[in-house]
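What follows draws every value from the coordinates through simple rules; no lab data is involved. Keep in mind that this is a model prediction, so the values were computed, not measured. Cβ atoms come from the backbone with ideal geometry, glycine included; neighbour counts cover every protein chain shown.
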Amino acid sequence: MLMDIDGKEVAAGRTETTGRLSQSAPVAAVRGWYMLGVLVLLYLTSQLDRMIVGLLIPMIKADLHISDFQISMVQGLAFAVFFSVLGVPLGYLIDRWSRRMLILAGVFVWSIATLCCGLTHGLEYLLLARLAVGAGEATLSPAAYSLIGDAIPHRRQGLAFSIFGMGATIGNGVGFALGGLMLATIPRAGLSFLGGHYATWQIVFMAAAVPSLLVLPLVLTFPEPERRERLQPESRASLASALGYMKNKGKFYAPMFFGYGSLLMCAIGWLSWAPTYAVRHFHRPIAQISFTFAMFSVVAVCISMLLIGQIIDYLHHRRGVRDAHMRVLMVIALLLGSFVILAVHASTYSMFLVAVALTFMCLGVAGIGAAIPLTTPSEFRGVVSSIFLLVSSGLGYGFGPMLVAGCTDLIFRDEARLGDSLTLSMLIMAPIAAVLFWLACAPMRKAVAEAAVWRK
């Protein structure tokens, strides 16, 4: 009799617990997607200063008397150095400290640094300000990868990471539109205020710092999600253990990281120089080009983000294609390189715009981030994500613009041959990216299968 009574009590207790879980599940889902919305806004504002430099190249070069190669350092290398180098220690902190507070500090740093970009009057100071921008922005993405991995169900993470990536896409579009609007309205001679005179490009940088400061308080409006799917739930992860785990999975992580970096070299190199190419080759005003690129960025890339994220989720979780992320990105790399070459060899501006739209349809690749929580325990995701971003962003932002500029200045030695430089860079990097993703396919299938042990 006691057994029967105990059994009923246990069953009732389980029913009550299940009821609480079922009631809390919708709340957790709403909180997770709201958190994702805030992260998207932050990612959007972080992009304003990154790609807006592409619109300001002619003015910065004229004011500071620098070459294509030097301006490429402002565009990419100066930003990427701290963004990449600080990523690893920040990733370690992300695995141990409050991810919200680290994001809060990072947003404040990059906002002030972006403002300083507009207050500088020399190449050296502009490079230093860009270093600080990279230092602040190094926090957001690895912290976001860790948060999304803990707050969003696996079956929707391809979509979730794509939505997060839309922040960058919309940010690029807003950057192009904001920059074009300001370039069209601010006098060519600049403006005088706050006791000094500032060139147009400096004012644009100052304006780009404002949105981040406005969005900053939203970081405090969502709770820190519980860290789940730990390999060793009772112990705190060390940097050595995280690096050891990465070494054990090196056959997957290495080609994935470098493949994505090679793909970003194609994408960032193209985005950084496409407006300048249109000005030089088709002699169109930069304001007109900026609005066209803004439309493509917001519409075409957002559509591709959602589409590619859904395709990855469908193939991986519905069709059982355990290396879907790598297969999809392999195809995207080849398509992007082909469409860029098509664009720079277009005979008319209309044909150029059609090809540009196709290149933007290949930029919705953020869904690859879902491969990290699928193969990495929660206590290592900050470090793994930061090293992933170190490699991929270091290559993409650091060397994508420089590869194109280096071809122009050092190989062709003629600014008018920018199109040939873009072609050569695509012929080199797009096939490399595709081969690396292909090499990551089999190791990813193995890593996903092994992850079933700690995901139980």
Longest site-free stretch - the chain; sites: GluC sites (Glu not before Pro), DSSP loop, at most 16 other Cβ within 10 Å: 1-225
Cα-Cα separations in the range 305-456 greater than 21 Å, expressed as whole percent: 53
Rg/Rg_globular for the range 50-199, with Rg_globular taken as 2.2 N^0.38 Å and Rg from C-alpha atoms: 1.19
Sequence of Cys266, Cys362, Cys116 once ranked by neighbouring C-beta atoms within 10 Å, starting from the fewest: Cys116, Cys362, Cys266
Nearest-20 debye value, the chain charge dipole, Cβ charges on Lys, Arg, Asp, Glu: 800
Rg/Rh ratio calculated on Cα atoms of the range 180-289 (Kirkwood radius): 1.17
On Cα atoms only, tilt of 324-344 relative to the major axis of the chain in degrees: 10
Distance histogram for the chain (every C-alpha pair counted, 20 angstrom bins, percent rounded to whole numbers): 25, 55, 16, 3, 0
Ranking of Leu389, Leu213, Leu353 by count of other Cβ atoms within 10 Å, fewest first: Leu213, Leu353, Leu389
Per-q log10 I(q)/I(0), the range 281-366, q = 0.16, 0.22 Å⁻¹ (Debye; single scatterer per alpha-carbon; no solvent): -0.67, -1.02
Cut-off under 5 Å, modelled amide H: who pairs with Leu191 long-range: Tyr198
Cα long-axis angle, helix 250-282 against the chain (0 to 90 degrees, to the nearest 10): 30
Normalised contact order of the range 266-352, rounded percent, pairs of Cα under 8 Å and 6 or more residues apart: 23
For the range 111-146 and the range 330-398, distance of Cα centres in Å: 22
With Cα atoms, 0 to 90° folded angle of helix 349-360 axis to the chain main axis: 20
Net charge dipole size for the range 180-271 [Lys, Arg +1 and Asp, Glu -1 on Cβ; Debye, nearest 20]: 320
Ranking of Asp420, Asp414 by count of other Cβ atoms within 10 Å, fewest first: Asp414, Asp420
Sum of -39500 (n - 2.57) over DSSP H runs of 4+, divided by residues of the chain (222 nm, nearest 500): -25500 deg cm²/dmol
